[in-house]
Amino acid sequence: VASHPGIVSIYDVGTEGNPFIVMEYVEGKTIKDVIKKEGGFSLKDAVRVMTLVAEALEYAHYKKIIHRDVKPDNIIIDEFGKTRLLDFGLAKLEHSPSMTINNQIMGTPYYMSPEQIGGIEVGPSTDIYAWGAMFYQITTGLVPFSKGDILYHHVNSLPVPPKEITMDVPDKLNLVILKALEKDVSARYKTFKEALVDLNAIVI
């Protein structure tokens, strides 16, 4: 994974005592920082940034690694405007047993896929859903679900279409985000390659 320019290098992993990961230090600001301190991104920058994130995750999936905690805190933008995917602390190899702590659901509620919430074996589609939730946030300023039982809503409720919140979201971009957020895995993008084809066709 570390050989991709969009993924932070991992130098060491420890599993005894308190588990730890030693990662490359990258100077920059996270997507969360940009949303919180700068009010977010222009649509053009949002598409550029999320394209870079999708390319990094596509590479991780090619290496059979599922991140499982894709969120604004875990994407850093360096001084050159390039994104780096951070924190593989919840990552797992595809088709390997999921790691849990006392049978707790692991992940960040605002970005968790229905299958992750349901304790079903997760694959690339879980990262695609989280990517869609983050894309939704940086284009609208809101997470798909923020009130009530968030986990329930991820499983059972439809998000308000992005273009109904941010009127200048193009129809094609609106459809990309909503397809990434499909509840049914079979209706969601199967791979980031599929998503990137649609994303690269958007002109802003």
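The values are calculated or read from the model by the stated rules, or taken from the named source; none is laboratory data. Not measured: the values here are computed from a predicted model. All Cβ positions, even for glycine, are placed from backbone atoms using ideal geometry, and neighbour counts span all protein chains on display. Side chains included, ligands, DNA and RNA excluded: accessible areas come from the protein's heavy atoms. Shrake-Rupley method; radii C 1.70, N 1.55, O 1.52, S 1.80 Å.
With Cα atoms as the point set, the stretch 138-204 shows a radius of gyration and Dmax of 12.6, 36 Å.
Computed from backbone phi, the HN-Hα couplings of the stretch 45-58 come to 5, 4, 5, 4, 5, 6, 5, 4, 5, 4, 5, 5, 5, 4 Hz, rounded to whole numbers (Karplus: 6.51 cos²θ - 1.76 cosθ + 1.60, θ = phi - 60°; Gly and Pro given as x). For a paramagnetic label modelled on Ser42 (point 7 Å from Cα along Cα→Cβ), amide N atoms under 12 Å away are absent within the stretch 124-142. When each of the peptides 111-121, 189-199 is scored by the mean number of other C-beta atoms lying within 10 Å of its residues, the order from highest to lowest reads 111-121, 189-199. Annotation: Asp149 carries an accessible surface of approximately 90 Å², with a 1.4 Å probe and no ligand, DNA or RNA atoms counted. The GluC sites (Glu not before Pro) of the stretch 30-90 meeting both criteria, a DSSP state outside H, G, I, E and B (loop) and at most 13 other C-beta atoms within 10 angstrom of the site's C-beta, are Glu79.
Length gained on full extension, Glu164 to Asp198: 10.2 nm, using 0.36 nm per residue less the C-alpha separation.
With θ taken as phi - 60° and the Karplus curve 6.51 cos²θ - 1.76 cosθ + 1.60 applied, the whole-hertz 3J(HN,Hα) list for the stretch 157-168 is 10, 8, x, 5, x, x, 5, 7, 9, 10, 5, 8 Hz, x standing for glycine and proline. Across the stretch 138-152, computed HN-Hα scalar couplings (Karplus, 6.51 cos²θ - 1.76 cosθ + 1.60, θ = phi - 60°) run 7, 9, 10, x, 10, 7, x, 9, 9, 10, x, 7, 4, 5, 4 Hz from first to last residue, x flagging Gly and Pro. Modelled spin labels at Val155 and Lys82, positioned 7 Å past Cα toward Cβ, are 4.1 nm from each other.
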